[in-house]
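Beneath this line is the structure, given in structure tokens, with notes to follow.
The values are calculated or read from the model by the stated rules, or taken from the named source; none is laboratory data. Note that this is a predicted model, so its numbers are computed, not measured. Cβ: placed from backbone, ideal geometry, glycine included. Neighbour counts: every protein chain shown.
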Amino acid sequence: MPKSYLSEEFVATIDKFNLRAKLIVEGFIVGLHKSPYHGFSVEFSDHRQYIPGDAIRNIDWKVYAKTNRYYIKRYEEETNLKSYILVDHSASMGYASNKTSKLEYAKTFASALAYLMLSQQDAVGLLSYTNKITNYLPPRSMKSYLNVIFKELHNLQPTETTQTAEVLHSLADRIKKRGLIILISDMLDDPDKILQGLQHFRHQKHEVILFHIQDKQEMNFDFKNETEFVDSETGEKITVNPWQIKKDYLATLEKNTTYLKTKCHTSFIEYNPITTATPFEDNLLQYLIKRMKLG
């Protein structure tokens, strides 16, 4: 099953990339390569008395100022980052103007991200949802876990309505340790509510990455003849001549996209628009290269 998603050539290409969280516990937008605790993320646990040979940098000087005694900060060490990939498989994700639906594209994209993080020995989990959580695989760092994730992704079908915000709040309440949250969705839901859900993660110091996936026809609206449009989630239908509404449609789409991008930026959420018209390998590589330069 893995081969149905990732070619050997593509795997060889992305093996050289890392997808590490930029937000490490003791700092804001700090790359792991800049952390004094190379190779793992840390959270403060408690103190113990200084023993000759301990690293001086770990002495808590504030405690020394109060007690006139040397104490070492102890940290809870985690050998890997905990990452969560969230995949929207509501009915709207089933739309395709070519061979690949938004959902199939998202499944392949999620597979590549899971492979990348597991190959660098980080823990990765998967959550799929519609108007509720449909599957939840907690983060694991075993390479064999990849097949479990692929199986769940393979079985996803577009169905039901979307309730992204409720799902985000539910997961944010469940996760106790800070990590990396990756949402892959067409964002056809109330943008303000979704942003509130994503901000919930940011308030808890998680790093958040949003991949906003769209079909080219949704973006260009190049329908030529009188067309019946059907809301895939509500079943509502409308028949129109596309040229009559194209201008207003594109203006509304641009307004919504700009709003999302701006709000994500001000909330320190990484916003990445992607389209199914671009090979997923190109979209992912472009993103990884950009992230590497910014890191």
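Here are a few things to note about the model shown:
- Single unsatisfied condition, residue 190 versus (1) free of Cβ contacts under 8 Å to residues at least 40 places away in the same chain; (2) over 22 Å from the mean Cα position of the chain (by Cα): (2)
- Count of residues meeting criterion [surrounded by 13 or more Cβ atoms within 10 Å (Cβ to Cβ) and closer than 22 Å to residue 102 by Cβ] in segment 230-255: 9
- Flag: residue 233 matches the condition of being assigned by TED's automatic domain parsing to the domain that holds residue 93 and in a loop (DSSP other than H, G, I, E, B).
- Scanning segment 246-288 for residues that are in contact (Cβ under 8 Å) with a residue 40 or more places away in the chain and among the β-branched types (Val, Ile, Thr) yields 257, 269, 274, 275, 276.
- Only listed residue being of a type in the set (Val, Ile, Thr), at pLDDT 95 or above and under 26 Å from the mean Cα position of the chain (by Cα), chosen from 266, 278: 266
- So residue 177, is it at pLDDT below 95, over 22 Å from residue 229 (Cα atoms) and in contact with a helix residue (DSSP H, G or I) (Cβ under 6 Å, 6 or more places away or on another chain): no
- Any hit, segment 196-206, residues being surrounded by 12 or more Cβ atoms within 10 Å (Cβ to Cβ), on the phi > 0 side of the Ramachandran plot and not in a helix (DSSP H, G or I): yes
- Residue, nearest to residue 117 (Cα to Cα), within segment 165-195, restricted to residues that are in a loop (DSSP other than H, G, I, E, B) and not hydrophobic (A, V, I, L, M, F, W, C): 179
- The set of residues from segment 124-145 being within 29 Å of residue 188 (Cα to Cα) and touching a residue at least 40 places away in the same chain (Cβ under 8 Å) comprises 124, 125, 126, 127, 128, 129, 130, 131, 134, 139.
- Among the residues of this structure, residue 209 does not count as one that is in contact (Cβ under 8 Å) with a residue 60 or more places away in the chain, part of a strand (DSSP E or B) and touching a helix residue (DSSP H, G or I) at 6+ places or on another chain (Cβ under 7 Å).
- Some residue of segment 86-97 being among the charged types (D, E, K, R) and within 14 Å of residue 185 (Cβ to Cβ): yes
- Candidates 84, 129 - the one that is farther than 22 Å from residue 281 by Cβ, surrounded by 23 or more Cβ atoms within 10 Å (Cβ to Cβ) and in contact with a Gly (Cβ under 7 Å, 6 or more places away or on another chain): 84
- Strands (runs of 3 or more DSSP E) lying entirely in segment 49-162 (those with 3 or more residues that are under 25 Å from residue 218 (Cα atoms)): 82-88
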